[in-house]
Amino acid sequence: EIVTPGPSQSISLQLRWESALPIRVAELKTHLSEALTWDGNGYTIAVYGIPGARSNRNTKSVAVSLGKQAALRRDEKKDVKPSSVEVLQRDDELVIVYVFPLSAEIAKNDRHIEFDAQIGRIAIAQSFDLTQMQFQGNLEL
């Protein structure tokens, strides 16, 4: 189980499509020392800023539980579940990294995709406009 702030607290999280080429290039150019590394190859989304969170169980079992509560959703296509989830402790916050299989074949004509996840008491529903996620004419996820 992940312990998170109570329901009356407002928190701000950062959600980033880590596997996107522009993100990776920016991390290299800025020599970001805390750039994420993760196991697995796929569409990778990270959730940053879960304040004061701590895992009080085995991280592998937490990751399995988080994976069951996350999906990428597209219109008229089957939901995609993560192939792996990693829980990374950073100072006094957690970073949750979701890796979705490339076999999902997300394409420009999907137009919009939604990432849904539940992390403790935190519910996340973030839509992505794929027309805004292109770099030099290519969809970058």
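Restricting the range 97-128 to residues that are modelled with pLDDT of 90 or more and among the charged types (D, E, K, R), the residue that is least open to solvent (accessible area, probe 1.4 Å) is D116.
Residues considered: L94, L72. Of these, the only one that is of a type in the set (A, V, I, L, M) and at pLDDT below 85 is L94.
Cβ-Cβ contacts under 9 Å between residues 6 or more apart (or on different chains), taken from a first residue in the range 101-112 that is free of Cβ contacts under 8 Å to residues at least 40 places away in the same chain to a second residue that is open to solvent by 40 Å² or more (accessible area, probe 1.4 Å) and in a loop (DSSP other than H, G, I, E, B), are listed as S103/S83; D110/D75; D110/K77; R111/D75; H112/D75. Cβ-Cβ distance below 7 Å, separation of 6 or more or different chains: which pairs start in the range 117-141 with a residue that is without any contact (Cβ under 8 Å) to a residue 60 or more places away in the chain and end on one that is among the acidic types (D, E) and assigned to a strand (DSSP E or B)? Within 7 Å, the pairs are A125/E114; A125/D116; S127/E114. Screening A71 on (1) open to solvent by 40 Å² or more (accessible area, probe 1.4 Å); (2) within 25 Å of L21 (Cβ to Cβ) shows it passes everything except condition (1). Scanning the range 4-45 for residues that are within 17 Å of the chain's Cα centre (by Cα), open to solvent by 100 Å² or more (accessible area, probe 1.4 Å) and modelled with pLDDT of 65 or more turns up S12, N41. For I50, state whether it is over 16 Å from A117 (Cβ atoms), modelled with pLDDT of 75 or more and among the β-branched types (V, I, T). It is false that I50 is over 16 Å from A117 (Cβ atoms), modelled with pLDDT of 75 or more and among the β-branched types (V, I, T).
The values are calculated or read from the model by the stated rules, or taken from the named source; none is laboratory data. All of these numbers come straight from a predicted model, not from anything done at the bench. No Cβ is skipped: glycine too gets one built from the backbone with ideal geometry, and neighbour counts run over all protein chains shown. We work out accessible area using only protein heavy atoms, side chains counted, and drop any ligands, DNA or RNA first. Shrake-Rupley method; radii C 1.70, N 1.55, O 1.52, S 1.80 Å.
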